[in-house]
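The values are calculated or read from the model by the stated rules, or taken from the named source; none is laboratory data. These figures come from a predicted structure and were not determined experimentally. Ideal geometry is used to build each Cβ from the backbone, glycine not excepted, and the neighbour counts take in all protein chains shown. Surface accessibility is based on the protein's heavy atoms, side chains included, excluding ligands, DNA and RNA. Shrake-Rupley method; radii C 1.70, N 1.55, O 1.52, S 1.80 Å.
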Amino acid sequence: MKNLTFLNGDQMPVIGLGTWKSQPGQVFNAVKYAVSAGYRHIDCAAIYGNEKEIGEAISELIRDGVVGREELWITSKLWNDSHRNDQVEDALKNTLVDLQLDYLDLYLIHWPVAIKNGIGFPKSGADFISLKEIPLEETWSAMLKMRDMGIIKHAGVSNFNSKKINHLISVTGAVPEVNQIELHPYLQQTELVDFCKEKNVHVTAYSPLGSADRPTANRDQRPILLENQVVVDIASHKGVSPAQILIAFAVQRGISVIPKSVTPSRIKQNFEAKDITLSPSEMEALYGMDEGMRYIDGTTWTIERSPNTLESLWEGEY
Ligand code: A2P
């Protein structure tokens, strides 16, 4: 199994099981099946609403001797409603209780956006808190404190651009260890990936298969990545599935990847993508697909009277 290695020698398996959109009734079996099939990396988040079931699955797997805690890499994410320095520890502890763990391998700031405590998704501008009021470095410093306390082994961010990462580094001197971002052939984020590599920030790709089950799929008219002809042709030529090509593409870029599935056969085939090698011409064809097209476009955070704009979210320093 390929891993990404951290400065202290810890290793994160490149392929993890994604759990966004996995329903509580399905994620228990998905996690149990995935770990039995060889996965050692599970990507979670408080806002996904399913950490309790994931915790039950992990606890059973450990109890039954299928896997040891230290063999697993468990990531979770701080929700946007707990960005204040006195809220981070409580949010983390809730996640730890739900996951039935006493530490996380990796904890990420989920979005560079702050909302009022207790809000899941904002419905009006009044639900937001501006980043002037709770600067990202305040949240980042609280994350670092959690790392110093040992309840998280590694700290990172998600959905951050290079300016925001540079800002955190310049204010605190501490480099986020991971940036988890949307990444696939339609959205390759080459500059951001290069920046992260230069700064020693590992990149994890979310929505690597194009998240056909995303909440906005019925109305946003985006193309179906798994049906893209370039991807389909490479897959049929190699005798593998389009999903496996997309996973191999990320891995071959030195990026970890967290395909979500609750279907055993897909969970298994997604994991087996680690053994696929794409030729230089296949990589070139996939590199040629970049359109800068986001499936998760951030408009949730830019509703009327929100302090955020798409420009401030994806390009800005604050
Ligand atoms: P399901 O969970 O029902 O198996 P992403 O990781 O980009 O968010 O994509 C997740 C979506 O892709 C889900 O709808 C998931 O369906 C589907 N999916 C996961 N693995 C595969 C696969 N190997 N082939 C086709 N679809 C897949």
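With every atom except the alpha carbons ignored, what do you get for Rg and Dmax of region 161-318, in angstroms?
Both quantities, over Cα of region 161-318: 16.7, 50 Å.
Counting only Cα atoms, I'd like the Rg/Rh figure for region 24-141, Kirkwood definition for Rh.
1.04
Where the accessible area of region 175-318 is counted over protein heavy atoms with a 1.4 Å probe, how much of it, in %, is carbon and sulfur?
49 percent
The chain: Rg/Rh from Cα coordinates, Kirkwood Rh?
Checking Rg against Rh, the ratio lands at 0.94.
Based on the Cα gyration tensor of region 249-318, what are the three equivalent ellipsoid semi-axes, each the root of five times an eigenvalue, rounded to whole Å and given largest first?
32, 18, 10
What is the dipole size for the chain, taken about its Cα centre, with +1 at each Lys and Arg Cβ and -1 at each Asp and Glu Cβ, in debye to the nearest 20?
The dipole of the chain has a size of about 340 debye.
For a distance above 14 Å, tell me the whole-number percent of Cα pairs in region 210-289 that qualify.
63 percent
In what sequence, highest mean first, do 88-98, 200-210 appear when ranked by Cβ atoms within 10 angstrom?
200-210, 88-98
So, in Å, what gap is there between the alpha-carbon centers of region 37-62 and region 129-208?
If we compute the Cα centre of each part, the gap is 23 Å.
Rolling a 1.4 Å sphere over the protein heavy atoms, what is the accessible area per residue of the chain, to the nearest Å²?
Per residue, the chain has an accessible area of 43 Å².
Report the one residue of 206, 183, 223 whose Cα lies farthest in the direction of the positive end of the charge dipole of region 176-229 (charges on C-beta: Lys and Arg +1, Asp and Glu -1; origin at the Cα centre).
So the residue furthest toward the plus end is 223.
Relative contact order, percent, of the chain when contacts are C-alpha pairs under 8 Å separated by at least 6 residues?
Reported relative contact order: 20 percent.
What does the net charge come to around residue 127 if you take all other residues with beta carbon closer than 11 Å to its beta carbon, with K and R at +1 and D and E at -1?
Here the count lands on +2.
Would you list which lysines come within 30 Å of residue 132, measuring only between C-alpha atoms, while excluding same-chain residues fewer than 8 positions from it?
Counting by Cα, and skipping residues close in sequence, residue 132 has these lysines nearby: 77, 93, 116, 123, 145, 153, 163, 164, 197, 199.
Would you mind putting 101-111, 74-84 in packing order, based on average other-beta-carbon counts within 10 Å, highest first?
The packing order, highest mean first, is 74-84, 101-111.
Tell me the mean residue ellipticity at 222 nm calculated for the chain from its helices only (DSSP H runs of n ≥ 4, each -39500 (n - 2.57), averaged over every residue, nearest 500).
-11000 deg cm²/dmol
Say R0 is 41 Å: what FRET efficiency, to the nearest 0.05, do residue 93 and residue 3 get from their beta-carbon distance?
It comes out at approximately 0.90.
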